[in-house]
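Participant: Below is a structure I'd like to ask you about.
The values are calculated or read from the model by the stated rules, or taken from the named source; none is laboratory data. Every value quoted in this text rests on a predicted model; they were computed, and no experiment measured them. Every residue, glycine among them, receives a Cβ derived from its backbone with ideal geometry; neighbour counts consider all protein chains shown. Surface areas here come from the heavy atoms of the whole protein model, side chains and all, with no ligands, DNA or RNA. Shrake-Rupley method; radii C 1.70, N 1.55, O 1.52, S 1.80 Å.
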Amino acid sequence: MSTTNLHTSIEYLKGVGSARADLLRKELGLRTLADLLHFFPNRYIDRTQFFKVNQLQQNTSEVQLIGKITQLKTVKQKKGSRLVATFIDDSGGMELVWFRGMKWIKDAIKINTPYVIFGKVNKFGRSFSMPHPELELIADYKKSLQTVMQPVYPSTEMLTKRGVTNRVMAKIIQNLFIEVNAKFQETLSDEIINELQFISKNEALFNIHFPKNQELLTKALQRLKFEELFFIQLQLIRKNLIHKTKIKGYVFDTVGENFNKFYNEHLPFELTNAQKRVVKEIRKDMITGAQMNRLLQGDVGSGKTIVALLSLLIAIDNGFQTALIAPTAILANQHFNAIVDLLKELDISVKLLTGATKTKERKLIHEALEDGSLNILIGTHALLEDKVQFKNLGLAIIDEQHRFGVAQRSKMWMKNLLPPHILVMTATPIPRTLAMSVYGDLDISVIDELPPGRKQIKTAHRFDSNRLSVFKFMKEEIEKGRQIYVVYPLIQESQKLDFKDLMDGYESITREFHKPDYQISIVHGKMKAADKDFEMDRFLKGETQIMVATTVIEVGVNIPNASVMIIESAERFGLSQLHQLRGRVGRGAAQSYCILMTSFKLTSDAKTRLKTMVDTNDGFEIAEVDLKLRGPGDLMGTQQSGILDLNIADLVKDAHILKRARTIATQVLKNDPNLKNEKHKYIKKAYIAMSKNNALWSNIS
Ligand code: ADP
Ligand code: MG
């Protein structure tokens, strides 16, 4: 059967029909033969092993035995009756019991003839019984399509109720294999199959449904998982390649005056090796003639700002304007202050544009943008408004990827002749396997090294009952001139309760820390923006020692003198959020601390999260644990769930297969970007079929 025939409806398959086809579509989304073929079992029952009656134990899962039925009788009970058979093998005897379909079974069973029976056993006193066993004459068993590992398909209550049992499902799929004569198109090249010692596509599909033995099942799984990941990577990498050949970008081949002057005379510290490497990667991107589309990952405090600034200087030296976009006004302000300060000896104009920018200033900015005199515009998404027109935007840097929609990003492209180079910076470490999938079409740089001399933040877990000693510790730190954050959770569903927690906490702190010795700031979501800024500013200036807040301070705020982070109800935060919050301290010279406060009631996941935080400061390590706890879908949010919705591979468990799939997809496309080579003909066919069938990639820029 050719591949096109796999697109026919399952309705016409033996054993299905229109009613079942309807049911299977509604319950499992199965429409075509191809859907059915790729509807894989989620587990298997090992039928290689035969038990003897005297080996049976209570709670054994499904077992099979060989023996004979010597006797059948109908037993009356309160309601109706049951059919009981005496089953024996050479080690002993047991009962088989039916409560339904008795007449049919009574007629069908052959007395004193060898059967293979299969099912779950129950123990009654000293003897065992098996209700509703599967029965097969040993003669038939030997003739039948030998499946020693019995597939168990995902199912629903409705399916079982309507008689589409696992057995029926297996039978239907068996019919599919018979119908197509068990012949399916190969989808990989001989080269890959040989190199990775894969079984053929045909064998893999057969053995995933009806494994001949454990070894072949393992091989089928390996191949099919690889294949699923391989074709995704092929699409992503190809998209990247097409982008590079199709989307022209400005060539920044001058490393000029501003860059050199800043680098040689005003760099406040030596760059780490990781920073140097990343600057090189970015420079290389900007001279290829293609538009840069790069993601820069670096843990909090890894020093992304300086990398951003050096990139801006290269663009400026080549006669272009630049933009730096942050997700909040606080962060935009902070970037603005940091960059103005770093550039104070250079003749470069920098402006800030946020929602709070006054009309008069706004007008000046618009003018300076359009006449080209403004070099760097820093701001919030106010920068993406249509009114903001650059004369020649050459580079746009976006801080904190996940807060910006892709639509906004591409909007910036339309503003000039060629799209600006794009650098996206994120402080949320993403495990490598996830990055490969979700950002597989972008180039990725990682700053995997912290600046030298950074003191590790000491993290401790304390129970609410230890609060007094925590207060004492806070006083000691304030005595040393430090400042302290106390953060409360804010989770949408229980806003009212959260708010009460925050206020109760604030009160208990004001009771312990009296004016005028102690000044306390409070910031939460119900305050007006101006009031929030006012309180943030007081804390920033050191006028208050304690900042009581909800998670509004989560992203990027930089107050070096704040060295203690106390997280209340820490069990309610996710790992990445805990890590982000902890990243607010450890920014100055002083030893910093993070204290995770919780109640005694902790789930096992919560315990893992707390232990991970206490054990490590490494954001990538934390992200890996987070991935294992939450799974890829939850980690990345629903936006990307399409790409993470895999049929057989698992991004957590099959990380090594993913890495290999990416490497091999890269190799294939490197030598043959359009898959024109004869040896790639099967890959090409499968690739085209797949690209047609899914709109998976439309949600990625
Ligand atoms: P993030 O990656 O979180 O944006 P920043 O760029 O804000 O990090 O840098 C964090 C702090 O580390 C800043 O105070 C910055 O001046 C300092 N820093 C960055 N790079 C280095 C370096 N190579 N050596 C010493 N300090 C550095
Ligand atoms: Mg930053």
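Participant: Looking at the range 439-458, I want the residues that are over 16 Å from residue 292 (Cβ atoms) and within 16 Å of ligand 2 (Cβ to nearest atom) and have a partner that is of a type in the set (A, V, I, L, M, F, W, C) and part of a loop (DSSP other than H, G, I, E, B) with Cβ atoms under 9 Å, at least 6 apart or on another chain. Which pairs are those?
Facilitator: Taking only residues 6 or more apart or on different chains, the pairs are 451/269; 451/271.
Participant: Given 596, 578, which one is under 22 Å from residue 511 (Cα atoms) and in contact with a helix residue (DSSP H, G or I) (Cβ under 6 Å, 6 or more places away or on another chain)?
Facilitator: Result of the check over 596, 578: 596.
Participant: Further question on the same structure: I'd like to know if the range 590-611 contains one or more residues that are closer than 18 Å to residue 467 by Cβ, in contact (Cβ under 8 Å) with a residue 40 or more places away in the chain, of a type in the set (Lys, Arg) and more than 16 Å from ligand 1 (Cβ to nearest atom). So that I can check it myself, show each step before the final result.
Facilitator: Step one: of the range 590-611, the residues closer than 18 Å to residue 467 by Cβ are 593-602, 610.
So of that shortlist, the ones also in contact (Cβ under 8 Å) with a residue 40 or more places away in the chain come out as 593-600, 610.
Retained after the next criterion (residues that are of a type in the set (Lys, Arg)): none.
There is no residue in the range 590-611 that is closer than 18 Å to residue 467 by Cβ, in contact (Cβ under 8 Å) with a residue 40 or more places away in the chain, of a type in the set (Lys, Arg) and more than 16 Å from ligand 1 (Cβ to nearest atom).
Participant: Hey, can you tell me all the residues within the range 328-354 that are in contact (Cβ under 8 Å) with a residue 12 or more places away in the chain, more than 14 Å from ligand 2 (Cβ to nearest atom) and part of a helix (DSSP H, G or I)?
Facilitator: Correct list: 329 only.
Participant: So, residue 266, is that one surrounded by fewer than 19 Cβ atoms within 10 Å (Cβ to Cβ), within 16 Å of ligand 1 (Cβ to nearest atom), touching a residue at least 24 places away in the same chain (Cβ under 8 Å) and more than 27 Å from residue 436 (Cα to Cα) or not?
Facilitator: In short, yes.
Participant: Another one. Being open to solvent by 70 Å² or more (accessible area, probe 1.4 Å) and assigned to a strand (DSSP E or B) is the filter here, so list the residues in the range 123-160 that pass it.
Facilitator: 123, 124
Participant: Kindly indicate whether residue 30 is without any contact (Cβ under 8 Å) to a residue 60 or more places away in the chain and under 30 Å from residue 213 (Cβ atoms).
Facilitator: In short, yes.
Participant: While we're on this one: For the range 12-64, which positions are open to solvent by less than 60 Å² (accessible area, probe 1.4 Å) and part of a helix (DSSP H, G or I)?
Facilitator: 17, 21, 23, 24, 28, 33, 34, 35, 36, 37, 53
Participant: Can you pull out every residue in the range 286-305 that is open to solvent by 10 Å² or more (accessible area, probe 1.4 Å), more than 14 Å from residue 587 (Cβ to Cβ) and within 12 Å of ligand 2 (Cβ to nearest atom)?
Facilitator: None; the set is empty.
Participant: Considering only the range 568-618, state which residues are open to solvent by less than 10 Å² (accessible area, probe 1.4 Å) and in a strand (DSSP E or B).
Facilitator: 594, 596, 597, 598 - these are the residues of the range 568-618 that are open to solvent by less than 10 Å² (accessible area, probe 1.4 Å) and in a strand (DSSP E or B).
Participant: Filter the range 57-83 down to residues that are in contact (Cβ under 8 Å) with a residue 24 or more places away in the chain and farther than 26 Å from residue 46 by Cα, then give me how many there are.
Facilitator: Residues flagged as in contact (Cβ under 8 Å) with a residue 24 or more places away in the chain and farther than 26 Å from residue 46 by Cα within the range 57-83 amount to 4.
Participant: Test residue 325 against the stated conditions and say whether it is touching a residue at least 12 places away in the same chain (Cβ under 8 Å) and surrounded by 23 or more Cβ atoms within 10 Å (Cβ to Cβ).
Facilitator: Considered against the rule, which asks whether it is touching a residue at least 12 places away in the same chain (Cβ under 8 Å) and surrounded by 23 or more Cβ atoms within 10 Å (Cβ to Cβ), residue 325 comes out as yes.
Participant: Test of understanding: among 246, 261, 239, which residue is closer than 30 Å to residue 454 by Cα, open to solvent by 10 Å² or more (accessible area, probe 1.4 Å) and charged (D, E, K, R)?
Facilitator: 261
Participant: How many of the residues making up the range 183-231 are open to solvent by 40 Å² or more (accessible area, probe 1.4 Å) and hydrophobic (A, V, I, L, M, F, W, C)?
Facilitator: 1
Participant: Considering only residues that are more than 16 Å from ligand 2 (Cβ to nearest atom) and farther than 20 Å from residue 464 by Cα, which ones fall in the range 541-572?
Facilitator: Matches in the range 541-572: 541, 542, 543, 544, 545, 552, 561, 563.
Participant: For residue 363, all conditions in the list (1) touching a residue at least 24 places away in the same chain (Cβ under 8 Å); (2) surrounded by fewer than 18 Cβ atoms within 10 Å (Cβ to Cβ) hold save one; what is the number of the exception?
Facilitator: (1)
Participant: Ok, one more. For the range 497-541, how many residues are open to solvent by 40 Å² or more (accessible area, probe 1.4 Å) and either of a type in the set (Gly, Ala, Ser) or not assigned by TED's automatic domain parsing to the domain that holds residue 569 (or both)?
Facilitator: Number satisfying all stated conditions: 3.
Participant: Looking only at the range 546-560, how many residues end up being buried (at least 22 other Cβ atoms within 10 Å of the Cβ) and modelled with pLDDT of 85 or more?
Facilitator: Residues that pass the stated criteria total 4.
Participant: Then there is this: Look through 497, 581, 502 and report the one residue that is within 16 Å of ligand 1 (Cβ to nearest atom) and hydrophobic (A, V, I, L, M, F, W, C).
Facilitator: Residue meeting the stated conditions: 581.
Participant: Working only within the range 277-308, note down all residues that are more than 8 Å from ligand 1 (Cβ to nearest atom) and among the hydroxyl-bearing types (Ser, Thr, Tyr).
Facilitator: 288
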